1. Name the residue that is surrounded by the most Cβ atoms within 10 Å (Cβ to Cβ), counting only residues in region 307-334 that are of a type in the set (Gly, Ala, Ser) and away from the ligand (no atom under 13 Å from the Cβ).
2. Taking Ser27, is it among the hydroxyl-bearing types (Ser, Thr, Tyr), under 16 Å from Leu222 (Cβ atoms), in contact (Cβ under 8 Å) with a residue 12 or more places away in the chain and buried (at least 20 other Cβ atoms within 10 Å of the Cβ)?
3. Taking Pro232 as the residue in question, decide whether it is within 16 Å of the ligand (Cβ to nearest atom) and in contact with a strand residue (DSSP E or B) (Cβ under 6 Å, 6 or more places away or on another chain).
4. Kindly establish whether Gly326 is outside any helix (DSSP H, G or I), of a type outside the set (Asp, Glu) and at positive phi.
5. Report yes if some residue within region 290-297 is over 21 Å from Leu358 (Cα atoms), touching a Lys or Arg at 6+ places or on another chain (Cβ under 6 Å) and part of a loop (DSSP other than H, G, I, E, B); otherwise report no.
6. Answer with yes or no whether Ala251 is more than 11 Å from the ligand (Cβ to nearest atom) and in contact with a Ser or Thr (Cβ under 9 Å, 6 or more places away or on another chain).
7. Look through Lys337, Lys370, Lys304 and report the one residue that is touching a residue at least 60 places away in the same chain (Cβ under 8 Å), surrounded by fewer than 14 Cβ atoms within 10 Å (Cβ to Cβ) and of a type outside the set (Gly, Ala, Ser).
8. On the basis of being buried (at least 19 other Cβ atoms within 10 Å of the Cβ) and out of contact with any helix residue (DSSP H, G or I) (no Cβ under 7 Å at 6 or more places or on another chain), does Ala357 make the cut?
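The values are calculated or read from the model by the stated rules, or taken from the named source; none is laboratory data. Here the structure is a predicted model, which is why all the values come from computation and not from measurement. For neighbour counting, all protein chains shown are included, and Cβ atoms are generated from backbone atoms with ideal geometry for every residue, glycine included.
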Amino acid sequence: MGKYLLRSVSDGSVQPANSLSCPHDNSLLRADYQARQIELKRLPGIWRFMDWLPVDGIIAKAEGAPVTYRSRGLARELGLENLYISFNGYWPERGAKMPTCSFKDLEAAPTMQRLMERDDHPTLVVASAGNTARAFAQVASLTSQPLILFVPEKALARMWTTVQSGIVSSGADFGQVTLVAVQGDYYDAIQIAEKVQSRPGFVPEGGARNIARRDGMGTVMLDAAIALGRIPEHYFQAVGSGTGGISAWEAALRLNRDGRFGHHLPRLHLAQNIPNAPIYYAWTGKEPQPIENDMFDDVLFNRKPPYAIPGGVKDALQQTGGEVYGITDGQAEEAKKLFESSEEIDILNAPAIAVAALQQAARAGTVQPKDIILLNITGGGVARIKEELYLNMLKPNISVSHWEPAVQFLEGKK
Ligand SMILES: *Cc1c(COP(=O)(O)O)cnc(C)c1O
């Protein structure tokens with residue numbers, strides 16, 4: 001057999017290499033790696049976790065990786081003795097060099113590599129509120145793979161990369177990257193993208209169903225377990241889709257099977273920004289509040305998270321004895337200030353929601369002072385990166401409000 005088999009989580013059946021779900025019950029599929037124990041490779045960035053990534057080769061220039069360190073400042077503020085931070089962003093003093101400053105860099109590199117290893121070389125279609133699109137634009141600009149991005153107009157300000165100008169041409173033509181601005185929200189962008197990705201020659205990125213995405217994000221847990229010598233007891237993360245939570249759980253399952261990092265699962269503590277918090281309402285049984293257009297961080301906006309499907313967020317929460325927190329804008333704002341002043345690095349708004357959840361859990365005694373805690377700071381260092389690198393803005397090639405002009409434009413380009 002190859003490096004791994006693609007298995008349905010619900011019934012264990014082996015599915016064809018590029019499937020996205022189990023034909024029987026829509027279950028998530030999971031890579032069942034041949035390597036039972038992980039052996040770190042002498043490779044740059046996340047590629048050192050190669051044994052548990054669904055690829056054979058690497059994109060050497062995509063070398064971002066999570067950095068795990070022991071917190072002093074925030075730990076003291078919260079009265080926690082064993083608080084570890086997984087920093088996913090740009091902070092060279094700590095060795096963190098994610099080129100687009102969020103943990104979406106962890107999913108983009110293995111996804112693009114896996115695509116390169118397919119025989120049919122399809123064009124990847126990504127709908128995103130910003131961070132995912134930016135991460136994919138960065139990798140595709142490095143590899144010159146074709147990519148189509150659908151991004152809400154409001155999120156265009158987030159569309160930058162740090163690929164050096166000169167490698168890519170300026171203006172509308174960014175290598176093989178096509179940027180379609182959508183007049184609407186993230187949900188509208190998804191709906192238009194769906195019309196395009198169902199056509200021959202195009203493939204969807206797959207979201208939570210993409211194993212390269214999940215196993216790339218799972219390296220946060222792997223890096224932490226290796227740094228700590230054990231699986232942490234708690235894992236805190238801000239979620240929109242919850243894919244990062246599923247990934248942390250799956251990585252912990254593999255570490256259990258490995259045997260050298262303990263035999264327990266970390267409790268998942270997932271944080272959402274209320275009122276746009278479907279996972280929070282589903283898990284707690286509280287009455288959902290109407291959706292608001294303005295939120296503390298719209299990268300966490302997701303109307304249809306992979307919650308109740310086999311292998312999804314609900315299973316991850318149930319198996320790990322998890323919790324979901326509903327955080328207000330005000331709580332997130334305060335937590336952001338606390339983090340930035342105590343850890344001395346700027347962070348994105350989304351991870352501030354995880355910091356607020358940790359603050360609540362520490363106050364309520366849900367976590368104890370000596371517990372071993374991993375806090376995933378899912379993005380940061382944008383202010384830091386601007387001191388050093390030039391950010392190339394991506395300009396949209398076209399702006400649409402319906403799918404027809406988008407398809408017409410893309411077919412015309414072929
Ligand atoms: C995407 C994103 C998240 C949430 O990720 P999930 O897919 O819900 O796990 C959190 N923080 C940042 C910065 C993100 O870009």
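1. Result: Gly311.
2. no
3. Details: within 16 Å of the ligand (Cβ to nearest atom): no; in contact with a strand residue (DSSP E or B) (Cβ under 6 Å, 6 or more places away or on another chain): yes.
Considered against the rule, which asks whether it is within 16 Å of the ligand (Cβ to nearest atom) and in contact with a strand residue (DSSP E or B) (Cβ under 6 Å, 6 or more places away or on another chain), Pro232 comes out as no.
4. Considered against the rule, which asks whether it is outside any helix (DSSP H, G or I), of a type outside the set (Asp, Glu) and at positive phi, Gly326 comes out as no.
5. no
6. yes
7. It is Lys370.
8. Here the answer is yes, as Ala357 does meet what is asked.
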